[in-house]
Every structure is written in structure tokens, then in C-alpha cells.
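The values are calculated or read from the model by the stated rules, or taken from the named source; none is laboratory data. Computed from a prediction, not measured in an experiment: that's the story for all the values here. Because the Cβ atoms are built from the backbone with ideal geometry, glycine has one as well, and the counts that use them run over all protein chains shown. What goes into the accessible areas is simple: the full protein's heavy atoms, side chains included, and nothing from ligands, DNA or RNA. Shrake-Rupley method; radii C 1.70, N 1.55, O 1.52, S 1.80 Å.
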Amino acid sequence: MNRISWLAVPDDTTAPEGVQKLHAKARANLGFVPNVFRAQALNPGTFLAWWNDFNTLVNREGHLCSADRELLAVVVSGLNRCVYCAVSHGAALREYSGDPQLADTVAVNWRHATLSAQQAALCAYAEKLTLTPAHMTEEDLHALREAGLNDHAILEATQVIGMFNMTNRVSSALGFTPNEEYHHRGR
């Protein structure tokens, strides 16, 4: 059996009720429990708090479409070389975009992907914020506005980028392994 984390992973029967409910919901919606859920259940309170924030930013209707939020996830995860998130969110991007090549290309180099002007502006912004956050200036917002994004969408994009930078670091630092199912989704 492959390890899904370098830390101990609680089994479903010993996880608190809130975690078990989330696992059951994931099984119903996805057909499996994401390994990131299992691995973070070691500290159930912080896991459920993280999930609430993550779910609010990524899995609801917002100012960006789901495909654009997943595009940001894949760009950030590729830049950070986070295997778990690049694979799992690459699967989501394939499903939302209907384009298997897009997710694979974006994970390696978004500049080689066929993107709209708005998507390219989002990717450039995500790259700068991920790699050189201390160099961000107000001028970085101009390209996003010129591409048609309003302040609500810019704030949401920034929050999604920040969430994935944090999640990438946790996943990479603790050796989270993506579920096998992700490799096949959306292909």
C-alpha cells in the first residue's frame, strides 16, 4: 500500500464525526475520499477550518468561473512543483474546461497553452504573486483590469492564489500523494 503522507493518517473509523461526514460527502460526490482529506484529518479542527476556507474559495459560485479558479490552482501548483495539487486540480481543470491538454500544458508552462487574454493575465498575475510576492505593485492589477476583471474578481483571484500557495506548501512538506483516480479523471 502506498503511503499518502509522511505523517500518521487516521483511519475513517477513528476520525471525528465532522471529518467522517466530509469523507462520506466526498465518496458520494467523487466516488473516493481525497488523500488530502485523509492526511489532514490528523488535526481535525484545523483540517475542517482549512476545508471551510478552501471550499468557500474554490467550490462555490463566485466572481471567477470554476475553470478559471482551477486554472489558477494548476498554475500555482505547477510553479511550486506540488505534485498533489497539480494532479488533483489538473483533473478538475480537465473536467471544467473539457480540454485534457490544457491542464497538462498549464502545469508545465502556461505560456504554451492556448488561453484567452483574461486567462493569460490571470496566469501572469498568479506567477508573479507565487514566485516574487515582495515585488507586487498596484500596476500588477492594470493587466487584470484591461483583460476585463473587476475588483471583486481580482480579490477572488488573489485569495485563490494565496490559498493554493499555502496548500501547496503543506502538501509538499508532508509528502501528500494524489489519489490514483485523479490521473484518469477528465481524460
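Worth pointing out:
- Here Thr130, Thr114 are screened, and the one residue that is open to solvent by less than 50 Å² (accessible area, probe 1.4 Å) and either under 18 Å from Ser66 (Cβ atoms) or among the polar types (S, T, N, Q) (or both) is Thr130.
- All positions within the range 25-75 that are part of a helix (DSSP H, G or I), surrounded by fewer than 16 Cβ atoms within 10 Å (Cβ to Cβ) and of a type outside the set (Gly, Ala, Ser): Lys25, Arg27, Asn29, Leu30, Thr46, Asn52, Asp53, Asn55, Thr56
- From the options Ala157, Ala147, Ala143, residue that is over 23 Å from Gln40 (Cβ atoms) and in contact (Cβ under 8 Å) with a residue 40 or more places away in the chain: Ala157
- When Cys123 is tested against (1) surrounded by fewer than 21 Cβ atoms within 10 Å (Cβ to Cβ); (2) touching a helix residue (DSSP H, G or I) at 6+ places or on another chain (Cβ under 9 Å), only condition (1) is not met.
- Selection of the range 54-73 for residues being within 12 Å of the chain's Cα centre (by Cα) and of a type outside the set (Gly, Ala, Ser) yields Phe54, Asn55, Leu57, Val58, Asn59, Asp68, Arg69, Glu70, Leu71, Leu72.
- Test: residue in the range 127-141 that is aliphatic (A, V, I, L, M), farther than 16 Å from Val76 by Cβ and modelled with pLDDT of 95 or more: yes
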